[in-house]
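Read-outs: derived from the displayed coordinates by stated rules, not from any lab. This one's a predicted model, so the numbers in the text were calculated from it and none came from an experiment. No Cβ is skipped: glycine too gets one built from the backbone with ideal geometry, and neighbour counts run over all protein chains shown.
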Amino acid sequence: MIHASVHPGPGDHELLVRLTRLIESFRRPRIAVVGDLIADEFIYGRIDRVSREAPVLILKYDSTEVTPGGAGNAAHNVAALGGVACLVGLLGTDETGRRLARRFPRQVVRTGLVRPAGYHTPTKTRILAGGVHSARQQVVRIDRDSQPVTREMRAQVTEAAVAAVAGCDAVIVSDYGTGLVTPSLVAALKRRLPRRGRRPAAPILLDSRYALLKYRRLTIAAPNESEVEQTLGVTLGDDAHALERAGRELLKRTQMRAMLVTRGSRGMALFEPGRPTQHISIFGTDEVADVTGAGDTVIATMAMALSVGASATEAALLANYAGGLVVMKRGTATLSADELQQAVAMDLGSGQRG
């Protein structure tokens, strides 16, 4: 397969007009986001001294912040970009779940949230430390998983998800490995969507951390490079031929309409059947502040773009801009349509690439 590089830059007027019109349409979409809700908890402290008990730092506690992660972050990103997110998943009745529920803006519809008695919200706690004049750095992360998802829980979520997708312009499936999302759940969503010929009218986008190969015939999946390596048991690194083989193998085995591999500082690679691979250079700089939740931003931006008529390449370009912006922010961050538009205008108009 022939490789094709995408290096948009100043002077790409036609592309600027097209991407601008797509972003201007972001106020219309209604996106169903189905999957694993995770609480991203950030505990901030200031470095005080070294402990006498062990060679570790003692932190003076400053504050705690709880933000939506997983499917919640994808929904939050959809809302921040101007769309309406219909969020479906499990949320705990614990204090973390209550705090998390309060963090969603009104553009996130929460009628699809199932809250079983005794269910504990999966939580990723990040402890960040910094001095008075230094940036806060992550010291350690503590993951607290939920109890196993029961058949009854999954049935309730499936019922809520089927109801949610009926009136939506795109569907995001966010699978972080709790056991909630399964191929049968996704199949139920596909059956509910109105059809045009043999394909669903609304695109279905998949973000699956550990089970990509279990899903078939969706619109697009967006694994990162390390997930591709783990899925196929390969090492990619800077090997362009290995990347090409991996991307084509994923397309063949999943029968997706497209596969977007995110590569960090190396940008992105978009694979489509019968078309040259599109290599997209990173937007911005490689001086990243925080990659937490960047994959959710990418999948949310692609869903918004595809729902308003973007091609896979156009959606990937917009997702690349969005990802480049959000990793420059601390914590589990989002961006607005205005921020995205400014980045596109800077890059494709009179500005210079970072």
Per residue of the stretch 154-168, in order, report the coupling 6.51 cos²θ - 1.76 cosθ + 1.60 (Karplus, θ = phi - 60°) as ³J(HN,Hα) in whole Hz, putting x for Gly and Pro. 5, 5, 5, 5, 4, 4, 5, 5, 4, 5, 6, 6, 4, x, 9
Once you have a ≥ b ≥ c as the square roots of the Cα gyration tensor eigenvalues for the stretch 8-149, tell me rounded if a/c is under 1.5, and otherwise prolate or oblate according to whether a/b is larger than b/c. oblate
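For a protection proxy built on the mean count of beta-carbon atoms within 10 angstrom, sort 70-77, 215-222 highest first, please. Each step should come with its number before you reach the end.
Details: 70-77: 30.2, 215-222: 20.9.
Result, highest mean Cβ count within 10 Å first: 70-77, 215-222.
For residue 68, what is the net charge nearby, where nearby means another residue's Cβ is under 10 Å from its Cβ and Lys, Arg count +1, Asp, Glu -1?
Details: positive: 103; negative: 40, 296.
That works out to -1.
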Residues with amide H under 5 Å from that of residue 170, placed H, sequence gap 5 or more: 30, 32
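Place the peptides 225-235, 161-171 in order of packing, highest mean first, counting for every residue the other Cβ atoms within 10 Å and averaging per peptide.
Details: 225-235: 15.5, 161-171: 21.3.
Highest to lowest by the protection proxy: 161-171, 225-235.
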Under 5 Å, built H, 5+ apart or other chain: amide partners of residue 58: 48, 49, 50, 51
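With the cut-off at 37 Å, report for the chain the share of all Cα pairs above it, as a whole percent. Intermediate results must be reported in sequence, preceding the final value.
Working: 10964 of 62481 pairs.
Value for the chain (Cα pairs over 37 Å): 18 percent.
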Can you compute 3J(HN,Hα) from phi for each residue in the stretch 255-270, using the Karplus curve 6.51 cos²θ - 1.76 cosθ + 1.60 with θ = phi - 60°, rounded to whole Hz and x for Gly and Pro? 6, 6, 6, 7, 9, 10, 9, 8, 10, x, 5, 8, x, 9, 9, 10
I'd like the Karplus ³J(HN,Hα) series for the stretch 313-329: coefficients 6.51, -1.76, 1.60, θ = phi - 60°, whole numbers in Hz, and an x wherever there's a Gly or Pro. 5, 5, 5, 5, 4, 5, 5, 5, 4, 4, x, x, 6, 6, 6, 8, 9
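Considering only DSSP states other than H, G, I, E and B, which trypsin sites (Lys or Arg not before Pro) in the stretch 10-103 qualify as loop sites with at most 12 other Cβ atoms within 10 Å?
Working: sites: 18, 21, 27, 30, 46, 49, 52, 60, 98, 99, 102, 103; in loops: 52, 103.
Here the trypsin sites (Lys or Arg not before Pro) that fit, given the DSSP loop and packing criteria, are 52.
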Give me the net charge for the shell around residue 275: Cβ to Cβ below 12 angstrom, other residues only, Lys and Arg +1, Asp and Glu -1. +1
